[in-house]
Every structure is written in C-alpha cells, then in structure tokens.
Amino acid sequence: MNRQRLDPLVRAMALTVFVFLYAQTAFAHPQKGEAVGFLTGFRHPISGLDHVLAMVAVGLWGAQLGAPAIWVLPVAFPMVMAFGGMLGLMGVPLPGTEYGIALSAILLGAVVLFEVRPPLGIAAALVGVFAIFHGHAHGTELPPGQSALLYSMGFVIATGCLHALGIGIGTVHRWSWGQKLLRVAGGLVAVGGTFFMWKAFA
Amino acid sequence: MKSTSRFHLPLYAFIVLAFVMCALPVDAHLYSTGMGPFYDGLMHFLISPEDIVPVLALALLAGLRGASYGRRALFTLPVAWLFGGLAGLSAMTTRPHPFIAAAWFLMLGGLLAADAKVSLRVTTALAALLGVYHGYLDGAGMGQFETASVGLLGLVFAIFVLIALAAAFVVRLRADWARIAVRVAGSWIAASGLLMLGWAVRTR
C-alpha cells in the first residue's frame, strides 16, 4: 500500500532530478537585445512593490466578485495599462503618476478589505483608470535599446501572472476563513499603498 | 487476426533493422547552416515572435469560431505565406514596418479577446493578408541564400503544423473557463501590440 503511494512521488522526484541534470545549450551570444528584452520586460512589473500590490489586488478583487469580474478585471487591467504605456512611450504627459499608483493600491486594497461589490462596469472603470497610471509609469521608464516586441510581451505576461497570482490566492474565498484572510490581505495592500503615498509626498 | 500480425512481426523487425543499419552520409559540417535549409526555415519561424504570435492568434481565433474556420486558416495561411515568400525571394531588400507589426498584434489579439464573430470570408482574408505580408518579409530576408526556397518550405511546414495543433486544440474546448483563457491570451497579444505601437512612435 505504502509502496503504491510512494511510487508516483519517487517517479516525480526522479523526473525532476533528470530535468535539472539535463544539460541545456549555452547561448553565449544571443541575438542582440532580444533575450534581454523579454527578461527586462518581464522583470519590470514585478520589480516595484507598488505595482505588485495593485496588480495582485486586482486579482483578489476579481476572485471576491466572482464571474464575470474574475476574468473581466484581469483582462481590462493589462489592456488599459498597455494603453497607458503607449501614452508614456509617445511622451504624452500624465501628471501625478506616483500619486495615482499609490492611490490605486489604497483604493484597491480598501475594496478588497470591505468586499465592495459595485456593478461590473464601475469595477472595470476603477481598475482601468488606475491601470493608465501604472502603464504610463512603465512606458516612461522604458530602457533604451531593447527589443520592443519581446519587451512588450514579457511586460504583459508578467502583469497577467501577477493577476493570476491574485486570483489563485483569491480562490480561498469559498471558505469563511478564506474570506477573512482575503479581507486582511486587502487591508495589507491598502497599508502598503498608504506607505507609498507617504513616500510620494515626502 | 492475432496470428497474422505475429506472422508479420519478423518482417517489420527486419525492415526497421534495415533502416537503422543503413549507413547514411555524415554531415559533419552542417555547423554553418544549423540542421540544413529546411530546418533553418522551420527554426526561423519558431524563434521569430513577430511571425509566430500573429499566426498563433489567427489559429486561436479560427479555433474559437469552429472547425470550418480552422480548416480554412489551415490551408489559406501557409499557401499565402508560400506565395508571399516566393515573391519576396526576388526582392532586393525590404524593411518590416513596426506600425504594421503592431497593428497585426492589436487587430488579431483584439478580435480574439472580444471573441469577435468574424465571418469565414473575413477569416480567410485575414489569413491571406497575414500570409502574403509576413511571407514577403521572410522571403526578402532569405533571398540572399541559394537554398532559400527550401528554407521557405520548412517555414511553411512549421506554420501548417502550428495552425493545425492550435486550432484543433481550441475547437475541442467546451468549458467556459478554457475558452476564456484563450480570450485572455488574445488580450495579452493586443496589449503587447499597444506597447509596440507606442514604441514604434517613440523610435520613429
């Protein structure tokens, strides 16, 4: 009986070991800018805690609200954020970007904390407005000399993964203790946002 | 039935063994061309995100619409790509326009994200346009090599396989969440297109 239980585990461990032992080809000379472009783009949204808090909060809120918000909000955010990024790249000014980002963490954390349930359009609009600030900040901070395509893809995929992380955490909402945990997480996001707002003013 | 297959087993084993034992010429110096022109073309497609992402988006869009759309894209896109590539082989030089690349991402990703009810005719036109445009660019880029036409065949083969796999995978999806996941992928492609558009304006 025990042997039957162990077998899949042993097989999985052996497979893992073999995967790690597998010698990959070393690309000492990647095509100029490309590999760097994807990784730089992927790292960009996850390198700033203020961005991470807001994006995870979008996923948490979506999970709290359930269908269809659970997928509408994470679709709306990257799309509108990319629009904000496009404005930033084009050099269109947007005043108070840092305040907007901090405010997004505060408000998104607060809606998760108080489990606010507005109509879907209002929820999507709220998320979309803040996404413009996040995207604009990313667009203006973009490093020169990178591959536009790979950078953009890495950037969007990382953002989507952060939303997915929030949704994944939000699945605990089905249990009563999970609902409380989510509200605590929302409170922590709001506290983090307050800290970043204080930093923006300081 | 069982005894017949047992009777044929030694014959099959002999044929397999003969193939295995058959000594083929060793191409020790494919170093310069990778794995030969056919595979060079195939690999060119697989490692070119500007080619593979729009093709994937079109395949997913066709798959969401149904099997007949998938079949139409499966044959239209590779054929158009081949014709575009053959035309591009004779072109002296060409430069991909960043605005057009961004527009393909934006349009196909947007249609996919919106689960747009595009007609079969529009899907065919999109596949033909995408194939001719990207095929022309690829052909123009490969035209400097003598074996470019073989490379183009490898490229078209890779496109055919990708569309077949991606469209067939999506056609089979019935669960709502799975179809939504495909649409989310479309939104990511469209979002990448928006960023590429901004980048193109910045570096103009």
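Please find, among A:Gly170, A:Gly193, A:Gly178, the residue that is free of Cβ contacts under 8 Å to residues at least 12 places away in the same chain and either among the β-branched types (Val, Ile, Thr) or assigned to a helix (DSSP H, G or I) (or both). Break it down stepwise before answering.
Values: A:Gly170 fails: free of Cβ contacts under 8 Å to residues at least 12 places away in the same chain; A:Gly193 fails: free of Cβ contacts under 8 Å to residues at least 12 places away in the same chain.
Every option except A:Gly178 fails the conditions.
I'd like to know if segment A:161-173 contains one or more residues that are more than 8 Å from chain B (Cβ to nearest Cβ), of a type in the set (Ser, Thr, Tyr) and more than 14 Å from the chain's Cα centre (by Cα). Steps first, answer last, please.
Step one: list which residues in segment A:161-173 are more than 8 Å from chain B (Cβ to nearest Cβ), which gives A:161-173.
Retained after the next criterion (residues that are of a type in the set (Ser, Thr, Tyr)): A:171.
Now drop any that are not more than 14 Å from the chain's Cα centre (by Cα), which leaves A:171.
Looking for residues that are more than 8 Å from chain B (Cβ to nearest Cβ), of a type in the set (Ser, Thr, Tyr) and more than 14 Å from the chain's Cα centre (by Cα), one finds at least one in segment A:161-173, hence yes.
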Would you mind stating whether A:Val111 is crowded, with 19+ Cβ neighbours inside 10 Å and either modelled with pLDDT of 90 or more or among the charged types (D, E, K, R) (or both)?
-> yes
Condition broken by A:Ile169, with the remaining ones in (1) of a type in the set (Val, Ile, Thr); (2) surrounded by 22 or more Cβ atoms within 10 Å (Cβ to Cβ); (3) more than 30 Å from B:Ala101 (Cα to Cα) satisfied | (2)
Number of the condition not met by A:Ala148 [criteria: (1) farther than 30 Å from B:Ile100 by Cα; (2) touching a residue at least 24 places away in the same chain (Cβ under 8 Å)] | (1)
Which condition breaks for B:Ala116 when tested against (1) touching a residue at least 40 places away in the same chain (Cβ under 8 Å); (2) part of a helix (DSSP H, G or I)?
-> (2)
Within segment B:9-25, can one find any residue that is of a type outside the set (S, T, N, Q), modelled with pLDDT under 70 and within 15 Å of B:Leu152 (Cα to Cα)?
-> no
With respect to A:Gly96, determine if the residue is farther than 27 Å from A:Leu39 by Cβ, more than 10 Å from chain B (Cβ to nearest Cβ) and at pLDDT 90 or above.
-> no
In the list B:Arg179, B:Arg183, B:Arg174, which residue meets the criterion of being in a helix (DSSP H, G or I) and at pLDDT below 90?
-> B:Arg179
Considering residues that are more than 23 Å from the chain's Cα centre (by Cα) and of a type in the set (S, T, N, Q), the number found within segment B:188-204 is 1
For segment A:56-73, does any single residue satisfy the condition of being touching an Asp or Glu at 6+ places or on another chain (Cβ under 7 Å) and touching a residue at least 60 places away in the same chain (Cβ under 8 Å)?
-> yes
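Just one of B:Gly85, B:Gly151, B:Gly110 is buried (at least 22 other Cβ atoms within 10 Å of the Cβ), assigned to a helix (DSSP H, G or I) and at pLDDT 90 or above; which is it? If you could, list the steps in order and put the result at the bottom.
Details: B:Gly151 fails: at pLDDT 90 or above; B:Gly110 fails: buried (at least 22 other Cβ atoms within 10 Å of the Cβ).
It is B:Gly85.
For segment B:146-187: of the residues being within 14 Å of chain A (Cβ to nearest Cβ) and under 19 Å from the mean Cα position of the chain (by Cα), which is farthest from A:Pro78 (Cα to Cα)?
Applying the first criterion (within 14 Å of chain A (Cβ to nearest Cβ)) to segment B:146-187 yields B:175-187.
With the extra rule that they be under 19 Å from the mean Cα position of the chain (by Cα), the set shrinks to B:182, B:185-186.
Details: B:Val182: 15, B:Ala185: 11, B:Gly186: 11 Å.
Step by step, filter segment B:146-187, then rank; the result is B:Val182.
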Within segment A:132-160, restricting to residues that are within 10 Å of chain B (Cβ to nearest Cβ) and of a type in the set (A, V, I, L, M), the one that is surrounded by the most Cβ atoms within 10 Å (Cβ to Cβ) is A:Val156
The one condition in (1) at pLDDT 90 or above; (2) within 19 Å of B:Val201 (Cβ to Cβ) that B:Pro98 fails to fulfil | (1)
Can you tell me which residue among B:Ala101, B:Ala87, B:Ala116 is under 21 Å from B:Ala166 (Cβ atoms) and either within 14 Å of chain A (Cβ to nearest Cβ) or within 19 Å of the chain's Cα centre (by Cα) (or both)?
-> B:Ala101
For A:Leu89, are the conditions met, namely being within 30 Å of A:Trp177 (Cβ to Cβ), crowded, with 24+ Cβ neighbours inside 10 Å and out of contact with any Asp or Glu (no Cβ under 9 Å at 6 or more places or on another chain)?
-> no
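The values are calculated or read from the model by the stated rules, or taken from the named source; none is laboratory data. Note that the coordinates shown come from a computational prediction; the quantities given were computed from them, not determined experimentally. Using ideal geometry, Cβ is built from the backbone for each residue, glycine included, and neighbour counts are taken over all protein chains shown.
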